[in-house]
Structures are given as structure tokens and as C-alpha cells.
């Protein structure tokens, strides 16, 4: 790309919307775990959907590849460019509309998730998407990887929350599907093609999402068990007892708690004795007078496991700090080989037990930290290097561990990509495990929307797109 191309792009987005120097571009090219370092000719930061459309039209005409990017907090390299230009959505961060009667918010892709939560709260509404990176991640990335998060038991993942999208197609056309309808059977439900597509079919510029009444009552509890099977029985019992009041149920192993305690001395061990497994339970209700705490205490009291029910918001936050602290604590512990898989909920305990057994047969001293969301079967099965092992030597085993973990998940009718997407990290794995008919359908969709392969090439389908 020569200076003529750059000058045309500068005319479209203005001088404040284009970076071309190495110093300016570098922050946008680094994948946060350091696995991928990108390169491109320019970072484009459009300020409107119309500017995005102009940029895409121009790139389509001249065959320039585009890597869409929002908050760049992904873990699979999906937003790291390998040429062409990078289109960062950070300047498109406006909330376009609140509709209290429809209980929806319409926001642009560059909105930080925590800011959307705060804005909804000010309207006494709840933005239910939530994850540990919510202060940095942006809506476009949440949509592009179909974020699950911490509230899936009650509210579902991103797909369940989106009512409409605005998308710039690879042709440069704008599809405005921001109707906010809860029922629309007029043909194909096109929005679901773009949610989870990681920018390979177009650039999501805005979305309309469901909101919910802000809960007036909240109960947080933690239960500790010796076996993962026991913890899953507690989950099933909690789900049966509390039904729609159950918001989240997080599975946390002892090693994760120990990592967090080592990393942050302000966080305390929730129990006086150690346990192998912990379940973090969250209930809520919109009725301020509804007592959920008493039945939760009674329910946990019926069990033979150690348990703790938070007395107030401070204690609730302290329990959640353990879960939120796991990713950062793992990073400090050493190099990790991470797996983001999903299983039928009924097979989560079997997977965690068998996967741990098999990876330890391969490397006895490997530190296994398998945690996740019981509500949607999502397991973050992460392996940390042994203290006596060199980082490079450990990370060289990633293919061995991938085969163990992904083979097992596949045999159990699971998925090798849950909420972090495929990106460039897993496209070979997707091709390996996808049903041939299913994989062929994916390629047909890609070729239909993006026949010239300018949208995020080399991601999701890799070289097959």
C-alpha cells in the first residue's frame, strides 16, 4: 500500500482517524498474551458507520484486507492483523438509544462493556453481559466472539441478548437491522451469522440488546466440596430450588484459589480449611422484599459440605474477587497453555476428571487449573508450567496438550471453542473437528458474503476461507 492509498483513507476518516507510524500503531498490534504480533499499513479509527462503509468500499475496490478490532482483549489472535489495514472501533462509542418500555439499549461497537453496565444501571436497568475484562473489552468484540460470561444461567450468552445489529458488509453496504424486535420470522435471522463470526463476514458497528430490571435483592454464596461430582450435584440442586433466581454458578478449583491468594494479599481464603472444589453462587430478584438469603442458608445447611453466605455487599464482592482474580493470578504464576472448551453440562465433571488425568500422564508436574461456568458448560482448562520447567520447553508442548484436551472434548460432544472464539489460534483445530458438512456450510457462507476474502482473512477458517 503506497501513500496514495493512505491519503485516500485519511480523507475518509480525517487526520484523527488514521495512524501510520510504528509508535502510534504498536498498541493495536500486540495480542495481550504476547502470542501474536501483527503488522499492517495503517490503523483506521472511523468515527461513524458511514465512514466504516466508505473505508470498506474502498478496500473492496482495491483488494485491501481488513482486520476489525474493538477492545483487543481476545485470547485467540482474532483481532491481530497480518497485513492490509486494521479498523479499530474505539471511537464509535456512543449509546444511541435507551428504550425503557422495550427494555433495550442500542450502542456502538466501541462502547466499553463496563460503561454500558453503568449507563443501564442509571436507568434502573441491568446489562447482563459481564466478564473479568469488562473494564477494557468492547461491545464489538463481545458480539464477535459470542461472549458467555458470568450471568449465563439466568440470562444466557450474547446470542440470547441481541435483538438487532447494524453491520457494514464486505461490499461496503450498510445493513441496518436495529429493529429491537423480540419476534420476527420474516425470513432468515441474519444477525446470528455475524455474532461469533469474528469479523470475517462484516464489521458490526452497533447492536440493540435486551436489558432487564435491575435486581433489588442479591445473594452470593460459596460452597466447598471434596469432589467435582459433588459440586455438580450442588449446582443441579441449586438450579432446581431457585429456578430463575439463579444467575450464575462458577466452578473454581483449589489451585485457582491458591493462585489468587498468592497474587493478592487483600483477598482472604473463604474457609478455615482447604477444599478441592468451590462453587460460587449468585442469586437475584427484582422484588426488594423477597427473602432469598434464608432459603439459601437452609438449602446449603441441608448439604454435608462447607458453605458460606455473604452477609452484605462487601462480603459478596470479596467472594467474587476470588473468581475475578483467577486470570491475572495465572499470568503471574508462569506460562499457561489455555483451553476454552464447552461440554454438555452433564459431562463437565467427567471431562475435568479425565482431562486432568490425561495431561498429568503426559507431564506429571503440570499445574492444572480447570474452572468455568456451570450454567453453559464452559470450561477454561488451563495448564501452567511446572516451577522447575523452562517456559519455552513447556509452551512447546501445546500441541500435545491441545490434542489431549480437544480430542476428549470432541468425544464428549463438546466444542473446542466456547467464548473466546477461533481466531488464528484454533482454525486448524476447527477444521480438524468440525463435521465435514458443517465445515463446508461455513465456507459457503464466507464465500457468499466475502468472495474476495478481504474481511479478517486467515481467521476462523484459516487458509480455507
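The values are calculated or read from the model by the stated rules, or taken from the named source; none is laboratory data. This structure is a prediction, so every number in the text was calculated from the model and none was measured. Neighbour counts are summed over all protein chains in view; Cβ atoms, including those assigned to glycine, are modelled from backbone coordinates with ideal geometry.
Within segment 79-101, track down each residue that is in a loop (DSSP other than H, G, I, E, B) and either under 17 Å from residue 167 (Cβ atoms) or in contact with a strand residue (DSSP E or B) (Cβ under 8 Å, 6 or more places away or on another chain) (or both).
Selection gives 79, 80, 81, 83, 84, 89, 90, 92, 93, 94, 100.
Considering only residues that are touching a residue at least 60 places away in the same chain (Cβ under 8 Å) and under 19 Å from residue 167 (Cα atoms), look in segment 106-120 and name the one that is surrounded by the fewest Cβ atoms within 10 Å (Cβ to Cβ).
Step by step, filter segment 106-120, then rank; the result is 106.
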message = Scan segment 233-240 and tell me whether some residue there is surrounded by 15 or more Cβ atoms within 10 Å (Cβ to Cβ), in the same structural domain as residue 321 (by TED's automatic domain parsing) and either assigned to a loop (DSSP other than H, G, I, E, B) or touching a helix residue (DSSP H, G or I) at 6+ places or on another chain (Cβ under 6 Å) (or both).
response = no
task = Could you tell me which numbered condition residue 302 fails, if it satisfies all but one of (1) modelled with pLDDT of 95 or more; (2) touching a strand residue (DSSP E or B) at 6+ places or on another chain (Cβ under 7 Å)?
result = (2)
Candidates 221, 226 - the one that is farther than 30 Å from residue 439 by Cα, buried (at least 20 other Cβ atoms within 10 Å of the Cβ) and in contact (Cβ under 8 Å) with a residue 24 or more places away in the chain = 221
task = Check residue 412 against each of (1) closer than 20 Å to residue 77 by Cα; (2) crowded, with 17+ Cβ neighbours inside 10 Å; (3) in contact with a helix residue (DSSP H, G or I) (Cβ under 7 Å, 6 or more places away or on another chain) and name the one condition it does not meet.
result = (1)
query = Among the listed residues 37, 61, which satisfies the condition of being exposed (fewer than 15 other Cβ atoms within 10 Å of the Cβ) and touching a strand residue (DSSP E or B) at 6+ places or on another chain (Cβ under 7 Å)?
reply = 37
key: Listing of helices (runs of 4 or more DSSP H) fully contained in segment 251-338 that carry 2 or more residues being more than 30 Å from residue 34 (Cα to Cα), out of contact with any helix residue (DSSP H, G or I) (no Cβ under 6 Å at 6 or more places or on another chain) and in contact (Cβ under 8 Å) with a residue 24 or more places away in the chain   = 293-301, 313-324
query = From the list 19, 35, which residue is over 27 Å from the mean Cα position of the chain (by Cα), more than 22 Å from residue 143 (Cβ to Cβ) and outside the structural domain of residue 178 (by TED's automatic domain parsing)?
reply = 19
query = Quick one: residue 81 ticks every box in (1) within 24 Å of residue 36 (Cα to Cα); (2) touching a helix residue (DSSP H, G or I) at 6+ places or on another chain (Cβ under 6 Å); (3) free of Cβ contacts under 8 Å to residues at least 60 places away in the same chain bar one, so which box is it?
reply = (2)
inquiry  = Looking at segment 416-444 only, could you name the residues that are closer than 17 Å to residue 194 by Cβ and touching a residue at least 60 places away in the same chain (Cβ under 8 Å)?
reply    = 417, 419, 421, 422, 423
ask   = Across segment 295-310, what is the total count of residues that are surrounded by fewer than 20 Cβ atoms within 10 Å (Cβ to Cβ) and within 30 Å of the chain's Cα centre (by Cα)?
value = 1
Scope segment 340-376; condition surrounded by fewer than 17 Cβ atoms within 10 Å (Cβ to Cβ) and either part of a helix (DSSP H, G or I) or assigned by TED's automatic domain parsing to the domain that holds residue 146 (or both); matching residues = 346, 350, 353, 354, 357, 358, 360, 361, 362
query = Mind checking which residues of segment 64-77 are closer than 21 Å to residue 382 by Cβ, surrounded by 21 or more Cβ atoms within 10 Å (Cβ to Cβ) and out of contact with any helix residue (DSSP H, G or I) (no Cβ under 8 Å at 6 or more places or on another chain)?
reply = 76, 77
request  = Mind listing just one residue for me: the one in segment 241-250 that is part of a helix (DSSP H, G or I) and touching a helix residue (DSSP H, G or I) at 6+ places or on another chain (Cβ under 9 Å) and, of those, modelled with the lowest pLDDT?
outcome  = 244
message = Restricting to segment 140-160, name every residue that is closer than 18 Å to residue 115 by Cα and in contact with a helix residue (DSSP H, G or I) (Cβ under 7 Å, 6 or more places away or on another chain).
response = 142, 143, 147, 158
task = Scan segment 40-58 residue by residue and report those that are assigned to a loop (DSSP other than H, G, I, E, B) and buried (at least 16 other Cβ atoms within 10 Å of the Cβ).
result = 40, 41, 45, 46, 47
query = What is the residue count in segment 171-200 for residues that are surrounded by fewer than 23 Cβ atoms within 10 Å (Cβ to Cβ), in contact with a helix residue (DSSP H, G or I) (Cβ under 9 Å, 6 or more places away or on another chain) and assigned to a loop (DSSP other than H, G, I, E, B)?
reply = 5
task = Among the candidates 123, 136, single out the residue that is closer than 20 Å to residue 74 by Cα, at pLDDT below 95 and surrounded by fewer than 17 Cβ atoms within 10 Å (Cβ to Cβ).
result = 136
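Can you confirm whether residue 386 is assigned to a loop (DSSP other than H, G, I, E, B) and in contact (Cβ under 8 Å) with a residue 12 or more places away in the chain?
yes
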